Amino acid sequence: MHRFGRLRAAAAGLATGSALLCARRALVESAVEELGGAQGEVVTNWSGTHEASPELYFEPDCPAAVERILQWMHEAGRRVRVVGSALSPNGIGLSNGAMLNMVQCDAIVSVDAEAMQVTVRAGARVKEVVEALRPHGLTLQNYASIAEQQIGGFVQVGAHGTGARIPPVDEQVVRMTLLTPALGALELSAESNPRLFRLARVGLGALGVVSDVTLQCVPAHKLLQHTFVETRAGVAQHHAQHLRHQHMRYMWIPHTDTVVVVTCDPVPEGLGPLAEPPDEQRATAPLRELLLQKGSGVSAAEARAMNFAQLRDALLAIAPLDKEHVVAVNQAEALFWQRSQGRRVDWSDRILGFECGGARRERVRERDYIYTYIYIYIYIYICFFMYMCVYTYIYIYIYIYIYIYIYIYVCMYLCMYVCVYKYTHIYVYIFIYIYIYIYIPIHLSL
């Protein structure tokens, strides 16, 4: 009776679990059909340090579609997280639940040259906004380093750019439209709901989805950039002096005493001709030679065609966790900056936005994880084989029972996890297989 009681309890648990999984899968399939969501996406942040496998992934193409998604998720009691270009190194925009990317909502709505304001959809990228402003003689007041940022993320994370006396980008927001699940579309400005406006400008996506943003611009202008190298002691000594520049940034290269200092200021009147810019091939030579020495498979011609950021990324990719290798790369980079000192004049967006390297966000399909599926099958068969050995040779049962028990539990919960987050029929079959043919027989054999 005791065994039959356990069997009934196990069967009831299996039925309940299967019902919940089926209900969740039906919910997801409904969202895919009604809202155009995608499954099987893997989203990786720009630097490749975090990734997520959202059960639902949306890329709406208009604010009305965003509102439909928010309303549907709200009624279903589900959460959704907004992500832009996934530049944050901490993975704040990633989720294994539902994710919404505004990349398709990228229109430049209007440019008011007289008021020096531009209204854009949240998915418009900084570089696209800059090019739309250029014919009107306008630009943004400040920039972060990567022009691939979506304006929604650019604002919501409070991107700051450089310059001790220049405000972060959220201070440039004049108006914004916030889409919320309960209150619908909210028009926010200093005159309309000012308290929420101040909060929502750097809302990190927690208060709703930003659909439209109006930014205050400034006249397009050129800057004089001065790049030079100092030691750490020199930076400490001259820091107050460096802060007087309109824009200033430091870049310390670890494992060296090299600090790159970049200052930018309005072009002074009567500025004479500048010295010839540094020879890029000469400056990148230390990195190029190191890459060829490491036998990376890159030809000399290919290496000569690579810029500084590409060379550095290729070198670091060879052995990113090998300290000696990283030290050698950094020393080569220090030589690059020593050879790159000088001045140049260009438009502010080209000066303040610079190539800093790093990986780019990628989305891959579920089929790219076929090896994970194979490993799960291997786990199952190993469990089953070991169980059969124990069942056949009773005299060793006591000695390895605890190990088998823990091992099966791990496999069972692993499959439960992928069932919940991947929603593929094959995972349900794996889960049922483990539960019926391994978990229940062990309980009945007690």
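Ignoring everything but the protein chains, give the 1.4 Å probe accessible area of Lys323 in square angstrom, nearest 10.
Rounded to the nearest 10, that gives 140 Å².
Express the accessible area of the range 199-338 per residue in Å², computed with a 1.4 Å probe while the remaining protein chains stay in the model. Display every interim value, and only then the final one.
On the way: 7390 Å² over 140 residues.
Value returned for the range 199-338: 53 Å² of accessible area per residue.
Just the number, please: carbon plus sulfur as a percent of the accessible area of the range 251-333, 1.4 Å probe, no ligands or DNA/RNA counted.
54
To make sure I understand the rule: partners must be aspartates and glutamates, Cα under 20 Å from the Cα of Lys294, and not fewer than 8 residues away in the same chain. Which ones qualify?
Hits, sequence-local ones excluded: Glu302, Asp313, Asp322, Glu324, Glu333.
Would you tell me the accessible area of Asp112, worked out with a 1.4 angstrom probe on the heavy atoms of the protein chains, in Å² to the nearest 10?
Accessible area of Asp112: about 70 Å².
What's the long-distance tail for the range 202-336, i.e. % of Cα pairs beyond 22 Å?
58
Calculate one ³J(HN,Hα) per residue across the range 82-88 by plugging θ = phi - 60° into the Karplus curve 6.51 cos²θ - 1.76 cosθ + 1.60, and present them in order as whole Hz with x for glycine and proline.
8, 10, x, 8, 6, 7, 4
Just to confirm a number: summing +1 for Lys and Arg and -1 for Asp and Glu over residues other than Thr214 whose beta-carbon lies under 11 angstrom from that of Thr214, what do you get?
Its environment carries a net charge of -2.
What are the aspartates and glutamates whose alpha-carbon lies under 14 Å from the alpha-carbon of Lys222, with same-chain residues fewer than 8 places away excluded?
Within reach: Asp265, Glu269, Asp346, Asp349.
The values are calculated or read from the model by the stated rules, or taken from the named source; none is laboratory data. For clarity, every value in this text was computed on a predicted model and none was experimentally measured. All Cβ positions, glycine included, derive from the backbone under ideal geometry; neighbour counts span all protein chains shown. Just so you know, the surface numbers come from the protein's heavy atoms only, side chains and all, with ligands and any DNA or RNA stripped out. Shrake-Rupley method; radii C 1.70, N 1.55, O 1.52, S 1.80 Å.
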